[in-house]
Amino acid sequence: MENITDFLGNVPWWLWIVTFILLVAIRDVFLQRSHTINHNFPVVGHLRYWLESIGPEMRQYFVANNREELPFNRIERGWIYASAKKENNYEGFGTDRDIYAHQHIFVKNAMIGYQVSEGHPNFEDPYFLACAKVIGAYNKRKKPFRPASVINVSAMSFGSLSAAAVEAMNKGVAKAGAYHNTGEGGLSPYHKKGGDVVFHFGTGYFGVRSKDGNFSIEKMKILVDENPCIKAIEIKLSQGAKPGKGGVLPGSKISREIAEIRGVEIGKDVLSPATHKAFDSIPELLQLIERIADETGLPVGIKAAIGKLDQWDELTDLMKKTGKGPDFITIDGGEGGTGAAPPSFADHVSLPWVYGFATIYKLFQDKGLCGRVVFIGSGKLGFPAKAAMAFAMGVDCINVAREAMMSIGCIQAQVCHTNRCPAGVATQSKWLQAGIDVSLKSNRLAQYFKTFQKEFLEVTHAAGYQHPCQFTMNDIQVNVDDDYLSSDLKTVYGYEKTPVAFESMKELHDCIYLGGKPN
């Protein structure tokens, strides 16, 4: 044994390297047939695959300019990071954006802006910006809810996000007075850290699932009774990343904790079908909404990406006829989001947010239903100018997903679907998510929300208004094309939004249904 040890110890280091390279070459040429490049160019061929694997990072940091990346460019990410860290998020020497580009947004400022006087809620708290509508007020739900923030965390499940990320977000929304949408993975312990919660379920009915995989109203009642943090319930019809497509949760990913939260069996594959079992028609959907609202007392809404309008037309007719219907509607953009999807869906199925929302809003407006519903927008709206455009089009609140992820450290690595998220946000790896300091990251999400609210209010005041709900389609102008360069939203989308009943910020501040308070 000593002779072998002595022999190995006397082998020069370069011979070890040569031996390793020789073994790789033998493997490439004689033992593997799956990679032609490696077979034809042994050893050196591996360099091609390595360079390809780090291509996104190389382009992101060294090749792409500040404005050309998708889904979020470097300037947008930088603004979120700086806002979350309470750093300087200003630009110097003028904008480097092409302000003549298609869809560029212009907010028309007033000659004399709105002035906040002493005694105004924003005089004491420059971050206060509650929703102008009360969710569930029209339908007289037992527990109406006014979101205390117009920016909130969109649907992202525990399972797709790490426990540390979910906990940081929930603690962050508690500090910012916002709400946290659970996503369709059920209500986890990490959603119950002080923030208001919107419980969201899809076709898998996780958290409110019967043994045969159907929706259980009994489990829903128990869930709501035991968790006063739940302020509203959202039924997912479809999402922007993959509308009309179901999914499979592999048994290998179902731990004991996830099984308990989702109400499924450990180690067994779980199918989320493309459509719901609890209803298969618009009248049945309406019945389910009313049943959940009656049994829980909570406002109930729906979330969908927009495509065909025939069933929406049926829904609005039924709402008008019965006087019933969803308390809020979340419109998701076809831009996609944190949900992984095949390119055929992510790139082509459902309309982008601006087209989808304008189409649905006009339909509800034609039926005289806009005042009955709280409209929530979800689709890269977590920036003050984009939010101003959304509010001018008729939105009452916005939900953000990827922007919230970036505020707690996401670097847009775009590997959410691989379980290898380097920032520990979209992974179940204990090692990777251990890098998230929950206390620090919750503060950063809260600070991003507060910075957004403050800057959004400043933009609103510059336009001469007290609250963003007062924006009209004429207040925002967008570039259309080279022949018809720029026009206001009313001309572009062919409608003027229905005015929102608004008295004052003090009325919102003193509302008994205002969220963001300790449970």
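The values are calculated or read from the model by the stated rules, or taken from the named source; none is laboratory data. Source: prediction; values computed, not measured. All Cβ positions, even for glycine, are placed from backbone atoms using ideal geometry, and neighbour counts span all protein chains on display. Just the protein is used for accessible areas: all its heavy atoms, side chains included, with ligands, DNA and RNA removed. Shrake-Rupley method; radii C 1.70, N 1.55, O 1.52, S 1.80 Å.
Return the subset of K85/K454; K321/K367; K231/K441; K171/K450; K231/K320 for which the Cα-Cα distance in this structure is over 21 Å, preserving the input order. Exceeds cut-off: K231/K441; K231/K320. Expressed as a whole percent, the accessible surface of region 82-222 that belongs to carbon and sulfur atoms is 52, based on a 1.4 Å probe. The packing ranking of peptides 497-504, 229-236, highest mean first, is 229-236, 497-504, where packing means the average number of other beta carbon atoms within 10 angstrom of each residue. Computed packing ranks the peptides 143-150, 415-422, 367-374, 471-478 as 143-150, 471-478, 367-374, 415-422, most packed first, by mean other Cβ atoms within 10 Å. Region 71-108 and region 485-503 have Cα centres separated by 24 Å. Rounded to 0.05, the FRET efficiency of the S281 and H348 pair, given R0 = 25 Å and the Cβ-Cβ distance, is 0.40. Here the simple spin-label model places points 7 Å from the Cα toward Cβ, and for F20 and N109 these points are separated by 6.0 nm. On C-alpha positions alone, give me the angle between the axis of helix 13-26 and the longest principal axis of the chain, in degrees, nearest 10. The helix 13-26 is inclined about 70 degrees to the chain.
With all pairs of different C-alpha atoms in the average, the Kirkwood value for the hydrodynamic radius of region 138-231 is 13.7 Å. Shape class for region 393-446: oblate, because the ratio a/c of the largest to smallest gyration tensor axis (alpha-carbon atoms, square roots of eigenvalues) is 1.5 or more and b/c is at least a/b.
By the compact-protein rule of thumb, 2.2 N^0.38 Å, the alpha-carbon radius of gyration of region 87-180 corresponds to a ratio of 1.53. One quarter of the convex hull surface built on the alpha carbon atoms of the chain amounts to 31.2 nm², the projected area averaged over directions.
Would region 283-324 count as rounded, prolate or oblate if I go by the C-alpha gyration tensor, calling it rounded below 1.5 in a/c and otherwise prolate when a/b exceeds b/c, oblate otherwise? Oblate, since a/c reaches 1.5 and b/c is not below a/b. Helix 310-322: angle to the longest alpha-carbon principal axis of the chain, degrees 0 to 90, nearest 10? Here the helix axis deviates by roughly 40 degrees. Label-to-label distance, I37 versus Y90, with points set 7 angstrom from Cα along the beta-carbon direction: 4.7 nm. Rolling a 1.4 Å probe over the protein heavy atoms of region 432-519, with every protein chain left in place, gives an accessible area that is 50 percent carbon and sulfur.
Simple spin-label estimate for T418 and Y100 gives 4.1 nm between the two label positions (7 Å along the Cα-to-Cβ direction from each Cα).
Counting only protein heavy atoms and a 1.4 Å probe, region 312-438 has 35 square angstrom of accessible area per residue. Overall, the accessible surface of region 295-411 at a probe of 1.4 angstrom is composed of carbon and sulfur to the extent of 53 percent. Using only protein heavy atoms and a 1.4 Å probe, report how much of Y361 is accessible, in Å² to the nearest 10. Accessible area, nearest 10 Å²: 10 Å².
Overall shape: oblate for region 403-519, with the ratio a/c of the largest to smallest alpha carbon gyration tensor axis at 1.5 or above and b/c at least equal to a/b. In the full protein context, region 74-126 carries 74 Å² of accessible surface per residue, based on a 1.4 Å probe and ignoring ligands, DNA and RNA. Against the chain, whose longest principal axis comes from its Cα atoms, helix 353-366 is set at around 20 degrees.
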